[in-house]
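Scroll down for the structure; my scribbles are underneath it.
The values are calculated or read from the model by the stated rules, or taken from the named source; none is laboratory data. Model, not experiment: these values are computed from the prediction. Cβ coordinates were reconstructed from backbone atoms using ideal geometry, including for glycine residues, and neighbour counts include every protein chain displayed.
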Amino acid sequence: MAAEAHGTAPTPDEVGAMYDQYGDLLAHLLGSSAVHIGMFVPHGTPAASLVDMADVAQDRQTEFLIDTFDPVPGSRVLDIGCGTGAPALRLAERTGCRVTGITVSRSQLDRCQERRTGHPAADRVEFAYGNAMALEHADASFDAAWSIDCVPHLSDRPLGLREAQRVLKPGGRFLLTEFTVRGAPSEAEMSAYTTLWACPPLRPFAALIGEVEEAGFQVELVRDMTTNAVLCGELMGVLYQDRREEIEQRFGKEALTHTDPLIGPFRSFTRRHTDYHVLALRKPAG
């Protein structure tokens, strides 16, 4: 551009010429709604990188799910697939409930215990190894349960739903998030998704609702969160390309060899064929 060539501030004509020449390119990179900066995180929130922005987004999602779930103070809640523990601790801290978190990942369980140490809600939260499809808890032992992005991993989703229903008291609520498929993805797209996420092939939303009802739950709320799932897929693709050297240094060249052919069809699948919902369910009181 002319201003770059001589290192001075651009003239109005040069600014106009830039938009005339590159406006459509900017729209592809920035968005075409208004051609200005979007608010991906609340203004004033520190987020100096895409990874920081992703952390802020995950924290905001946790807060949204807590608001949607809203368990009673003092109630006993099961966190099925608790990840590294932050949502369980935040849930207990904000609501005053007691949380038992379970995960099938030993490394995640170690991270949970690290997060629990010194946390203000530590005395109301416990973590343990546990399989969502074979819960080691008595019937009707929890007032409520939630499962954030765990159900998609289950090889037998109906069994996992029945187990959640079994351990809930009559009238107990269950909040879960789940990915479903729309359209007709290619075999390469579906395979890339299931390989990267270690999950079975996704099924349509109607199949999920049918399994929920067959497990004995009543559906109280369904909220479409597909846009954020698409953005997460795009973010993963961008960060993978941006941090390839760092990934190779930390995880070895074999990690790149495994992942390189999957990223393209994975992004295509999340963009064109993935739906994502939060469901609030209830076990009948009768």
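Any residue in segment 7-18 that's under 18 Å from Val35 (Cα atoms): show its pairings with residues that are of a type outside the set (Phe, Trp, Tyr) and outside any helix (DSSP H, G or I) at Cβ separation under 7 Å, as long as the two are six or more apart or on different chains.
Glu14/Met1; Met18/Met1
Pairs needed: first member in segment 44-57, loosely packed, with under 15 Cβ neighbours inside 10 Å; second member anywhere, of a type outside the set (A, V, I, L, M, F, W, C) and outside any helix (DSSP H, G or I); C-beta distance under 8 Å; at least 6 residues apart or different chains.
Note: pairs meeting the criteria are Asp52/Pro46.
Give me the residue from segment 217-255 that is polar (S, T, N, Q) and in a helix (DSSP H, G or I) and, out of that set, farthest from the chain's Cα centre (by Cα).
So the residue we want is Gln249.
Checking the condition aliphatic (A, V, I, L, M) and in a loop (DSSP other than H, G, I, E, B), which residue from Leu202, Leu159, Leu196, Leu175 passes?
One residue alone meets the criteria, Leu202.
Would you pick out the residues in segment 162-172 that are surrounded by 16 or more Cβ atoms within 10 Å (Cβ to Cβ), of a type in the set (Gly, Ala, Ser) and outside any helix (DSSP H, G or I)?
The answer is Gly172, and nothing else.
So Glu234 fits all but one of (1) modelled with pLDDT under 95; (2) more than 20 Å from Gly183 (Cβ to Cβ); what number is the exception?
Condition not satisfied by Glu234: (2).
Any residue that is exposed (fewer than 13 other Cβ atoms within 10 Å of the Cβ), in contact (Cβ under 8 Å) with a residue 12 or more places away in the chain and touching a His at 6+ places or on another chain (Cβ under 8 Å) - is there at least one of those in segment 226-238?
no
Just to verify a result, which residue in segment 111-156, among those that are charged (D, E, K, R) and in a helix (DSSP H, G or I), is nearest to Phe179 (Cα to Cα)?
So, considering only residues that are charged (D, E, K, R) and in a helix (DSSP H, G or I), the one nearest to Phe179 (Cα to Cα) is Arg111.
Of (1) crowded, with 18+ Cβ neighbours inside 10 Å; (2) among the charged types (D, E, K, R); (3) closer than 24 Å to Arg271 by Cβ, Arg182 satisfies all except one. Which?
Checking Arg182 against (1) crowded, with 18+ Cβ neighbours inside 10 Å; (2) among the charged types (D, E, K, R); (3) closer than 24 Å to Arg271 by Cβ, the one that fails is (1).
Could you list all residues from segment 204-224 that are more than 12 Å from Lys283 (Cα to Cα), among the small types (Gly, Ala, Ser) and surrounded by 17 or more Cβ atoms within 10 Å (Cβ to Cβ)?
none
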